[in-house]
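Each value in this text was obtained by applying a stated rule to the coordinates, not by laboratory testing. As the structure is a computational prediction, the values presented were derived from the model and not from experiment. A quick note on method: Cβ atoms are made from the backbone with ideal geometry, for glycine too, and the neighbour counts reach across all protein chains shown.
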Amino acid sequence: MKIPNSTFWVSVFIVLCSNPANAQMDSSGSSSYQSDLNGDIVNCGHLFDGPSYYIKQLENKSLDNMFSLTKEQKRAIGKANYEKTLKKYKLLNDFQHKESVLQTFANIKNAAHASTKFKLHVIASTDINAFTMIGGHIYLTSGLLDYIDSMDELAFILGHEIGHHEKLHLERKIKKIMATSSFFGKTGVEDFTKIAVDLNNKFSAPFDQINEYESDEYGFEVAKNAGYDVNRFADFFKKLEKNEDRSILTKLNSTHPFSSDRIKCLENYIAN
Ligand SMILES: [Zn+2]
C-alpha cells in the first residue's frame with residue numbers, strides 16, 4: 001500500500017498517539033480487565049482483539065525466520081533514510097532545552113542497554129511528531145519539544161521510540177515490504193539502500209496497535225529504570241486525548257490506540 005507524501009507526517013506522527021479497550025496481564029499471568037469510556041475492554045496489546053494477537057505472533061515468527069538483516073544492511077538503510085530526510089526537512093543543531101534533551105537521551109540509551117548506537121535528530125517542524133528508523137535514527141520535531149512539559153515525559157517518548165527498534169518492529173516492517181516487493185531476494189548493501197530510498201514512505205508508515213502498546217510498555221520500563229517520574233509518563237497522552245475523535249470508526253481504522261487507553265495501561269504498569 002503506497003502512502004502519499006502529504007500524509008507522511010500525519011500518519012507517522014501519531015507515533016505516540018492513541019485507541020481501544022483492556023485486559024492486562026499481571027506478573028502472575030492472569031488478566032485484569034478494565035473498561036474504557038465506551039465500556040470496551042482495554043488490553044494493552046496483550047490478547048488484543050483475541051485472534052489478532054495470535055495472528056500477529058504467527059506473523060512475527062514467520063518474519064523472524066525469513067532471513068536476517070545484518071548490522072551493515074540496517075546501517076545502510078538507516079543512512080539512506082537519513083540522507084533523504086536531510087533533503088526534505090531542516091535538521092536543527094540548536095533546539096529548545098538542548099542540554100536537558102541530550103542528557104535525557106543519554107540516560108535512556110544507558111537504561112535500555114541496547115546493542116544499537118542510537119542517534120537523535122531534531123527536525124524543524126511545528127508538527128508534534130517522533131519516529132524511529134532502522135539503524136538507530138530517532139527523530140523528534142521541534143514542535144514535540146515545545147509540546148512536552150517535562151523531561152520525564154520526553155524520557156518515556158524516547159524509551160517508546162527505542163522500543164520500536166529493540167522489539168524488532170522496524171526490522172519486521174522492512175522484511176514484510178521486501179517479501180511483497182520486487183526487491184525480494186536481493187541482499188547486497190546497494191540493493192538495501194535502494195530499498196530504503198524507494199520504499200521510504202512505506203516503511204515510515206505507522207505501526208499497529210499491538211506494537212504501540214509493546215513500545216509503551218518498553219518505554220515505561222526503560223524510563224522508570226533511568227529514574228524518571230512514572231506519574232508524568234502519560235502527560236503526553238493526556239494532552240492529546242483532548243483533541244481525539246473517539247468514534248468507533250476511528251477506533252477500527254486507527255493504527256494507534258486511543259490516548260485514554262494508553263493512559264490506562266500506563267496506570268496499570270505503575271500499579272503493578
Ligand atoms: Zn510508536
So what's the net charge close to N60: Lys and Arg +1, Asp and Glu -1, counting the other residues with Cβ under 12 Å from its Cβ?
-> +2
Footprinting proxy, D245, D152: sorted fewest to most Cβ within 10 Å, the residues are D245, D152
Would you please put 126-132, 161-167 in order of how densely packed they are, using the mean number of other Cβ atoms within 10 angstrom per residue and starting with the highest?
-> 161-167, 126-132
Beta carbons within 10 angstrom, averaged per residue: use that to sort the peptides 136-142, 54-60, highest first.
-> 136-142, 54-60
Going by average Cβ neighbours within 10 Å, how do the peptides 228-236, 70-78, 211-219 rank, with the highest at the top?
-> 211-219, 228-236, 70-78
From the phi of every residue in region 143-155, what ³J(HN,Hα) in whole Hz does the Karplus formula 6.51 cos²θ - 1.76 cosθ + 1.60 yield, where θ is phi - 60° and glycine or proline is x?
-> x, 5, 5, 6, 7, 7, 10, 7, 6, 5, 4, 5, 4
